[in-house]
Amino acid sequence: GESVGLHLPTLSVQEGDNSIINCAYSNSASDYFIWYKQESGKGPQFIIDIRSNMDKRQGQRVTVLLNKTVKHLSLQIAATQPGDSAVYFCAENGSGNTGKLIFGQGTTLQVKP
Amino acid sequence: DAGVIQSPRHEVTEMGQEVTLRCKPISGHDYLFWYRQTMMRGLELLIYFNNNVPIDDSGMPEDRFSAKMPNASFSTLKIQPSEPRDSAVYFCASSRGQTRKYEQYFGPGTRLTVT
């Protein structure tokens, strides 16, 4: 029979529009956060990171916002392109300075031409 | 830099057979991570090494799974015997040093199918 898999939230945007992908993280002790992009058939690719002493960081066409009060992270992509279509994961480092990352379940971004 | 290298890219095997997945981390990276990704459970950390020493293997599903890192440039993940529920994509990732240890770089993955 069919297997039941994770139901990833999906964000569908028009090419050229801005995209905002949200993530609620779990551990208030986390002080480092990363966004990864995973295209079909590939491994997750590092996009941008932010430390807890910042609330905003900008990269090329991407901006990450961090709200520690509500444990919320967002990734903004400006002028979304078809090549941005992928699954986006947020990750946090948790507590204990271990080197491990805790990954969220991911959000699928679909860009309509 | 060649990035993290994994082999094979695809593996199809029968239940009960031994499977060995291989990983070459990025040169100079001293952390190595093995992950498993499935539709049911998402991305799971299985085990990670620092300076070739296993640090945390709490994510390894059961005794059928084992991982080694004999040197800084090579690691293996072995499943013996394999079962259909082991079918997944297995990723290796590496990172460098203390200040950037969370910046993990992933390989292309090995897609394992156990029939």
Treating the beta-carbon of each Lys and Arg as +1 and of each Asp and Glu as -1, no other charges, what is the dipole magnitude of chain A about its Cα centre, to the nearest 20 debye? 260 debye
Choose one of A:I34, A:L109, B:C23: the residue whose Cα lies farthest towards the positive end of the charge dipole of the protein assembly as shown (beta-carbon charges +1 Lys, Arg; -1 Asp, Glu; about the Cα centre). A:I34
Relative frequency of Cα-Cα separations exceeding 16 Å in chain B, percent: 56 percent
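Any idea what the relative contact order of chain B is, in percent, if you count C-alpha pairs under 8 Å spaced at least 6 apart? Walk me through the numbers on the way to the answer.
Values: 290 pairs, mean separation 42.5, N = 115.
Value for chain B: 37 percent.
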Net charge within 12 Å of B:A88 by Cβ-Cβ distance, Lys/Arg positive one each and Asp/Glu negative one each, not counting B:A88 itself? 0
The base-10 log of I(q)/I(0) that the Debye equation returns for the protein assembly as shown at q = 0.09, 0.10, 0.12, 0.18 Å⁻¹, one scatterer per C-alpha, is -0.38, -0.47, -0.68, -1.38
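Ranked by Cβ crowding within 10 angstrom, fewest neighbours first, how are B:D30, B:D63 ordered? It would help to have the intermediate numbers written out before the result.
Numbers: B:D30 17, B:D63 7.
Arranged by neighbour count, lowest to highest, B:D30, B:D63 become B:D63, B:D30.
Compute the orientation-averaged projected area for chain A from the convex hull of its Cα atoms and round it to one decimal in nm².
Details: hull surface 33.2 nm².
So the Cα hull casts an average projection of 8.3 nm².
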Those GluC sites (Glu not before Pro) in segment B:1-104 that DSSP places in a loop and that have at most 11 other beta carbons within 10 Å: B:E14, B:E18, B:E62
Neighbour counts of other C-beta atoms within 10 Å: give me A:L66, A:L73 arranged from fewest to most. A:L66, A:L73
For B:M69, B:M60, B:M40, what ranking results if the residue with the fewest other Cβ atoms within 10 Å of its Cβ goes first? B:M40, B:M60, B:M69
Going Cα to Cα from A:K56, which aspartates and glutamates come in below 16 Å? Please leave out same-chain ones fewer than 8 positions away. A:D31, A:E92
Identify all lysines with a Cα-Cα distance to A:K112 below 20 Å; exclude those on the same chain that are fewer than 8 residues away in sequence. A:K37
Simple Cβ-charge dipole of the protein assembly as shown, Lys/Arg +1 and Asp/Glu -1, about Cα centre, in debye nearest 20: 460 debye
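No lab work stands behind these numbers, since they all come straight from the coordinates. Computed from a prediction, not measured in an experiment: that's the story for all the values here. Here the Cβ is made from the backbone with ideal geometry for all residues, glycine too, and neighbour counts use every protein chain on show.
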